[in-house]
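Contents: one structure, followed by commentary.
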Amino acid sequence: MIRSLHVLRWVLLTLLVAGPVRAQLQDRIQLTATNAVLEFQEGVYHLWDHVRVESSGVLTLTCDDLRAVLPQDKAAAAATVAPGAGGSGRLQSLVATGHVQIQFFQAGAGGTTNVVHASGDKAEYGAADEVLILTGNPRIETGSGTMVGTEALIYDLKSRSMRNRGPYRIELRSDVLRNSVLFNRGTNAPKSR
Amino acid sequence: MVFRRTHIAVALLILIGSPALEAQAPTNSAQTASAPSPAPGIIRDWGISLRDGASGRVQVRFSSSEAAPAKAEGGLMPAVWDVTGLRLETFRADESADFTIEAPTCRVNVTTRDAASPGPFAAHRDGDGIRMTGTGFNFDNGRQRLVVSNDVRIEIRASLVKTSPSPK
């Protein structure tokens, strides 16, 4: 059983890390919403009402309210930046609240697409420590099963590790264990005649 | 400070509104009409650069294909203008271009340096490739804030959300 849990954890980690890695390969990310406020000096982008973030083929995120901080890179701002050079600030933090739904897409075997579905009341990303914290009934679903946290599920993008705050529960699909040695070990039970 | 800025704005408006001075106004502080006005009060190829009172650097540049004083505006020199074909450019501390906002129609207040429109607009920043469209905006120059009231669409480069290299 413990071994199976390790397998599931690796599956979850692999699928979760695939999103950010593939996002680097995509050119544009689209953010849509009904309303927005942009604070130019602080680099704060605040969107609310029907917020949707989409990186084609990589991930989609929907929520009620999204606050992203992309501060201006002062060094880049001082220098002459050629059009398209991408010399300004990077994403510093991102906070999504209200009915947060995140879907990561990953190419699977035989041309299929694996989908990881994460949900919660709040998702926070901080570039300083590079962690994604999912709180408020956090839940991560993969093709193998579901991880449900009570307090928080924390994914560390640097170490590619996942940890939890508070108790959590893992629900495995029964077919995941079909070929597991867990249920195919020899027993001491007498052979049926 | 406010008094000084107001004087600069008024001086610029006088430059814009005076046909006699139009030919000798190709400075950084004001780029003015180059074609006859089609109707009284309407200025074609309207443009104005607004500078910070203390540092003298260009903060905002408004330009448009046409501009007319807003009817509700009173006083000696109108501060509020209704413009068509707006191009609003904001500048960083080193006067390099920052955000550019374009809108078919817009109302501009050259005293407060604000602009607003209930209609569509588009904005972009070349430095990091951010592009934006929406319907209905209010640009508050004092707070360097852009409020969009409908149908916001923002595009950013994926490289802006890059994480550090993964451990091997």
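The values are calculated or read from the model by the stated rules, or taken from the named source; none is laboratory data. All figures in this text were calculated on a predicted structure; none of them were measured in a lab. We place every Cβ from the backbone using ideal geometry, glycine too, and count neighbours over all the protein chains shown.
Just a few scattered comments:
- Residue match in the range B:96-110 (condition: touching a Lys or Arg at 6+ places or on another chain (Cβ under 9 Å), of a type in the set (Val, Ile, Thr) and more than 14 Å from chain A (Cβ to nearest Cβ)): no
- Yes/no for B:THR90 being in a strand (DSSP E or B), buried (at least 16 other Cβ atoms within 10 Å of the Cβ) and either more than 13 Å from chain A (Cβ to nearest Cβ) or touching a Pro at 6+ places or on another chain (Cβ under 8 Å) (or both): no
Here is a yes/no grid of residues against (1) more than 20 Å from A:PHE40 (Cβ to Cβ); (2) in a strand (DSSP E or B):
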| site | (1), (2) |
| --- | --- |
| B:VAL83 | yes, yes |
| B:GLU95 | no, no |
| B:THR100 | no, yes |
| B:THR105 | yes, yes |
| B:VAL108 | no, yes |
| B:ALA123 | no, yes |
| B:ASN138 | no, yes |
| B:GLY142 | no, no |
| B:ILE154 | no, yes |
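- Just one of the listed residues (B:GLY127, B:GLY134) is small (Gly, Ala, Ser), modelled with pLDDT of 95 or more and either surrounded by 18 or more Cβ atoms within 10 Å (Cβ to Cβ) or assigned to a strand (DSSP E or B) (or both), and it is B:GLY134.
- Summed over the range B:111-133, residues that are on the phi > 0 side of the Ramachandran plot and more than 12 Å from every other protein chain (Cβ to nearest Cβ) total 1.
- Among the residues making up the range A:164-190, those that are among the aliphatic types (A, V, I, L, M) and modelled with pLDDT of 75 or more are A:ILE170, A:LEU172.
- Of everything in the range A:89-128 that is assigned to a loop (DSSP other than H, G, I, E, B) and within 14 Å of chain B (Cβ to nearest Cβ), the residue that is surrounded by the most Cβ atoms within 10 Å (Cβ to Cβ) is A:LEU91.
- Long-range neighbours under 8 Å by Cβ, at least six apart or interchain, first residue within 7 Å of chain A (Cβ to nearest Cβ) within the range B:138-161, second of a type in the set (Lys, Arg) and in a strand (DSSP E or B): B:ILE154/B:ARG131; B:GLU155/A:ARG28; B:GLU155/B:ARG131; B:ILE156/A:ARG28; B:ARG157/A:ARG28; B:ALA158/A:ARG28
Per-residue answers, yes or no, for (1) touching an Asp or Glu at 6+ places or on another chain (Cβ under 9 Å); (2) aromatic (Phe, Trp, Tyr); (3) touching a residue at least 40 places away in the same chain (Cβ under 8 Å):
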position	(1), (2), (3)
B:VAL83	yes, no, no
B:ARG92	yes, no, no
B:ILE101	yes, no, yes
B:SER117	no, no, no
B:HIS124	yes, no, no
